[in-house]
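The values are calculated or read from the model by the stated rules, or taken from the named source; none is laboratory data. Remember, predicted model here, so these are calculated numbers, not experimental data. Don't worry about glycine lacking a Cβ; one is built from the backbone with ideal geometry, like all the others, and counts go over all protein chains shown. Surface accessibility is based on the protein's heavy atoms, side chains included, excluding ligands, DNA and RNA. Shrake-Rupley method; radii C 1.70, N 1.55, O 1.52, S 1.80 Å.
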Amino acid sequence: MFKKILIANRGEIACRVIKTCQKMGIKTVAVYSDVDQNSLHVAMADESVHIGGAASSESYLVIDNIVNACKKTKADAVHPGYGFLSENEAFAHALVVAGITFIGPKDEAIVGMGDKIQSKKIAEQAGVNVIPGYTEVLADSKQAVKVANEIGYPIMLKASAGGGGKGMRVVRDDKECIHGFERTQNESLSSFGDNRIFAEKYITEPHHVEIQILADEFGKTLYIGERECSIQRRHQKIIEEAPSPFIDSYTRQTMGQQAVTLATAVHYESAGTVEFIVDAEQKFYFLEMNTRLQVEHPVTEMVSGLDLVEQMILIAAGEPLQLNQSDIETNGSAIEARIYA
């Protein structure tokens, strides 16, 4: 087991990881920028290291600074939390090269699931339900219109590198498609440095339901129930609930099995989330996979009784999952609400 874990993050999630480490008897290292020296996560950790300026581009996103902090404190593992470098394959690889364990999936899985076009192709090949669409990069607005007419309006134009609700636009006719393509492309370029756009059928009356999974290095993968995340603003989640009040037990089981199938296809290890869109008839389609712990993980913990951070640490330390699918039970209901300023 690890003796010391560095948390490559700040704020609430850093505090959350530290609490589990304390429960497990593992020492912790906090990192902080110029403005975070007096933050709670720094006070809670056993050690702390300054990693740069106030802007995240000068601190929490600088891979070398995090790796150097690990070497300085002799941390043998890193938990990335969510955001920042949590889904950055270069960061995961840099830690491996430095002989430090990344508490998360292997970088191959991060790469495979990190790109929306590539992940959709992998899902399709694995036999997972995918939204009808065009999974190649659209060259221009003219091709976008052609593809949209083939799929049938309304369609969703999406940035391949997108996330956090950005780089997504619903269009309902040719005129909207032309303007929407250009705006989506510009937004994607400014937000992600990547202007690749693809198109898929827009599901009306959609529910956003995601499956929490756990997978170890020995090939065992489990699904730990689902979260309903349908109440959103600008495609960003506001209310998250476990279990979903919408889907029935058959849909829950089938969706969980497909999430396991996808995770197995990319040899996934650690905690992860497979997101689906569900229509009014409970037909569901793969959206994306998040190869990290999610903001809304506590609602799953509350109804399942599992500490997902603890499970991530145990898996990264090479421990086999001690649970079987039949052991997973959901008790009660939990809701999380995000506050947007």
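What pairs in LYS116/LYS142; LYS19/LYS116; LYS4/LYS166; LYS71/LYS237; LYS71/LYS158 have C-alpha atoms more than 28 Å from each other? Don't skip to the end; give the middle numbers.
On the way: LYS116/LYS142 22 Å; LYS19/LYS116 33 Å; LYS4/LYS166 36 Å; LYS71/LYS237 37 Å; LYS71/LYS158 40 Å.
Table pairs above 28 Å Cα-Cα are LYS19/LYS116; LYS4/LYS166; LYS71/LYS237; LYS71/LYS158.
At 18 angstrom or more along the helix axis (alpha-carbon based) and mean Kyte-Doolittle of -0.5 or higher, what helices does the chain contain? Whole DSSP H runs only.
On the way: long enough: 11-24 (20 Å, 0.11); 174-192 (26 Å, -1.04); 249-265 (24 Å, -0.29).
Span-like helices, by this rule, are 11-24, 249-265.
Once the whole set of protein chains is in place, how much accessible area is left on HIS267, using a 1.4 Å probe, in Å² to the nearest 10?
140
Go through ARG196, ARG169 and list them by solvent-accessible area, largest first, probe radius 1.4 Å.
Numbers: ARG196 80, ARG169 50 Å².
Output order, biggest surface exposure first: ARG196, ARG169.
For the range 147-245, what's the relative contact order in percent, using C-alpha pairs closer than 8 Å and at least 6 residues apart?
Working: 176 pairs, mean separation 22.8, N = 99.
Across the range 147-245, relative contact order equals 23 percent.
Suppose every Lys and Arg Cβ carries +1 and every Asp and Glu Cβ carries -1, with no other charges. What dipole size does the range 1-57 come out with about its Cα centre, to the nearest 20 debye? It would help to have the intermediate numbers written out before the result.
Numbers: 7 positive and 5 negative charges, 71 e Å.
Approximately 340 debye in magnitude.
Toward the positive end of the charge dipole of the range 1-67, about the Cα centre and with charges on Cβ (Lys, Arg +1; Asp, Glu -1), which of VAL42, THR28, GLY53 goes farthest?
THR28
What accessible area, in Å² to the nearest ten, does a 1.4 Å probe give for CYS15?
20
Could you sort ILE63, ILE155, ILE178 by their accessible area in this structure, using a 1.4 Å probe and putting the largest first? Kindly include the intermediate steps, with their values, before the conclusion.
Values: ILE63 35, ILE155 0, ILE178 70 Å².
These residues rank, largest area first, as ILE178, ILE63, ILE155.
What does the highest-first list of 24-34, 241-251 look like by mean Cβ count within 10 Å? Don't skip to the answer; put the middle values down first.
Details: 24-34: 19.9, 241-251: 16.8.
Descending mean neighbour count gives 24-34, 241-251.
So what is the relative contact order of the range 164-209, in percent, for Cα pairs below 8 Å that sit 6 or more residues apart?
Relative contact order here is 30 percent.
Could you sort 4-13, 156-165 so that the peptide with the highest average Cβ count within 10 Å comes first and the rest follow in order? Let's see the in-between values first.
Working: 4-13: 22.9, 156-165: 20.5.
In descending order of packing, they fall as 4-13, 156-165.
Of HIS207, GLN185, ALA317, whose Cα points farthest to the positive end of the dipole of the chain (charges on the beta-carbon: +1 Lys, Arg; -1 Asp, Glu; origin at the Cα centre)?
The one lying farthest along the dipole's positive direction is GLN185.
Is it possible to state the helix-based mean residue ellipticity at 222 nm for the chain, with each DSSP H run of 4+ residues giving -39500 (n - 2.57), the sum divided by total residues, to the nearest 500 deg cm²/dmol? What is it? Present the calculation step by step, with values, prior to reporting the outcome.
Details: 11 runs with 121 residues, N = 341.
Only helices count here, giving -10500 deg cm²/dmol.
Where does the Debye-calculated log10 I(q)/I(0) of the chain sit at q = 0.07, 0.12, 0.14 Å⁻¹, using only Cα point scatterers of equal weight, no solvent?
-0.30, -0.88, -1.17
Just want the answer: with Cβ charges of +1 for Lys and Arg and -1 for Asp and Glu, which residue in ILE100, THR135, MET113 is farthest toward the dipole's positive end in the range 88-165?
THR135
Report the charge-dipole magnitude of the chain in Debye, nearest 20, computed about the Cα centre from +1 at each Lys and Arg Cβ and -1 at each Asp and Glu Cβ. Show your work: numbers first, answer last.
Numbers: 33 positive and 46 negative charges, 109 e Å.
Its charge dipole is roughly 520 debye.
Can you list the residues, at least 5 places off or on another chain, whose amide H is less than 5 Å from the amide H of ASN9, using H built in the peptide plane?
It is VAL31, by chain and number.
So for the chain, averaging the separation of alpha carbon pairs under 8 Å that are six or more residues apart and normalising by length, what relative contact order in percent results? Walk me through the numbers before you get to the answer.
Values: 721 pairs, mean separation 52.8, N = 341.
Dividing the mean separation by the residue count of the chain yields 15 percent.
Sort 51-58, 130-137 for me by packing, meaning the mean count of neighbouring Cβ atoms within 10 Å per residue, highest on top. Don't skip to the answer; put the middle values down first.
Working: 51-58: 14.4, 130-137: 17.2.
Ranking, from highest mean packing down: 130-137, 51-58.
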